[in-house]
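Below: one structure, written as C-alpha cells.
Each reported figure results from applying straightforward, stated rules to the coordinates on display, with no laboratory input. Quick caveat: nothing in here was measured; it's all calculated off a predicted structure. Don't worry about glycine lacking a Cβ; one is built from the backbone with ideal geometry, like all the others, and counts go over all protein chains shown.
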Amino acid sequence: MRVLDIMTMDVLTTSPSASLKEAARTMVRSGVSGLPVLGESGELVGIITEADFLEREADRSRRRLLDAMLKDRDSVVDAETVGEVMTRDPVVIFPEASVTEAARVMAHHHVKRLPVVGAEGKLIGIISRADVVAVFTRPDDVIEDEIREDIIRRVLLLEADSIDVTVKDGVVEVSGAVPTATDARLLEELIRRIDGVVRVVSHITFDVDDA
C-alpha cells in the first residue's frame, strides 16, 4: 500500500505571515496538532505544530526571567507570526512511497506527521501516525486472501490453496512446497511487505536449490 492510498488530501494549511493566534485557533477548532505552511506559490516552506507553540512559551518564560534579573526588558522579543516559529524544511514523503517507508521515516525523525509533496515541492496531502497505525489493523482474513490470490496465485503461478496459510494477529505462518529456492524466498519476502503483516513464520520447502 502506498502513501497515496491513505493520505489525507483535504489539508488545512497556513502561511508564514499568518498570526500565531490565527494558527492556534485553526488547530484547536479543527482538532489537528499541526499545519503545513505554504508559500505564495503553494510550495511547502515549513510546518507548525503544538511542539512549536510549547517551545515558544517555554523559551519566552525563560527569557523573561533572565530579562527581569538583568533589568533589560527591552531585549524581550515575542514571535507573532507563523514564519517566526515554524519548522523550516520539514521532513516530507512522496505519494508513491510505501506506508512502511512512511512509518520508518516518522520513527527515524520522531515526527507524528509527514507532508506529502509532488512535483516542485507542492503539497498534495498529509499522512499521520494514526493513518499508518490504521493500516496495521487490517483483518487477518483480508491478509490471508491477499497472500493466496496476489502472491501464491498471481506471482508464483500456483494454485491458491497449494500452500497452507494461517494468519493470527498479523503473524503469518506458511507451509508447503514450492518449485525452487527462489520461489521460497520470494514468497516470504512478498508476505513481509503486505500491509498489516507483523511477522512471517515459514516452513516452506522447495524441490530445486537454484540459489
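So what's the Cα pair-distance distribution over the chain, bin width 5 Å, in %?
The calculated distribution, bin by bin, is 1, 7, 12, 13, 12, 10, 9, 8, 7, 6, 5, 4, 2, 2, 1, 1, 0.
From the gyration tensor of the Cα coordinates in segment 131-211, what semi-axes in whole Å does the equivalent ellipsoid have, largest first, with each one equal to sqrt(5λ)?
23, 12, 11
Output the relative contact order of segment 160-204, whole-number percent, from Cα pairs under 8 angstrom with separation of 6+ residues.
Worked out over segment 160-204, it gives 44 percent.
With the chain treated as a Gaussian network of Cα nodes joined by springs under 10 Å, which of Pro95, Pro16, Pro179 yields the largest mean-square fluctuation?
Between Pro95, Pro16, Pro179, it is Pro179 that shows the largest mean-square fluctuation.
According to a simple spin-label model (label point 7 Å from Cα along Cα-to-Cβ), what is the distance in nm between His109 and Leu157?
Modelled inter-label distance: 4.2 nm.
Compute the helix-to-body angle for 181-192: its Cα long axis versus the longest principal axis of the chain, expressed 0 to 90° and rounded to tens.
40 degrees
Over every pair of different alpha-carbon atoms in segment 80-189, take the mean of 1/r and invert it; report that Kirkwood radius in Å.
Its Kirkwood hydrodynamic radius stands at 17.0 Å.
In percent, how large is the relative contact order of the chain, given Cα pairs closer than 8 Å and 6 or more residues apart?
Relative contact order of the chain: 18 percent.
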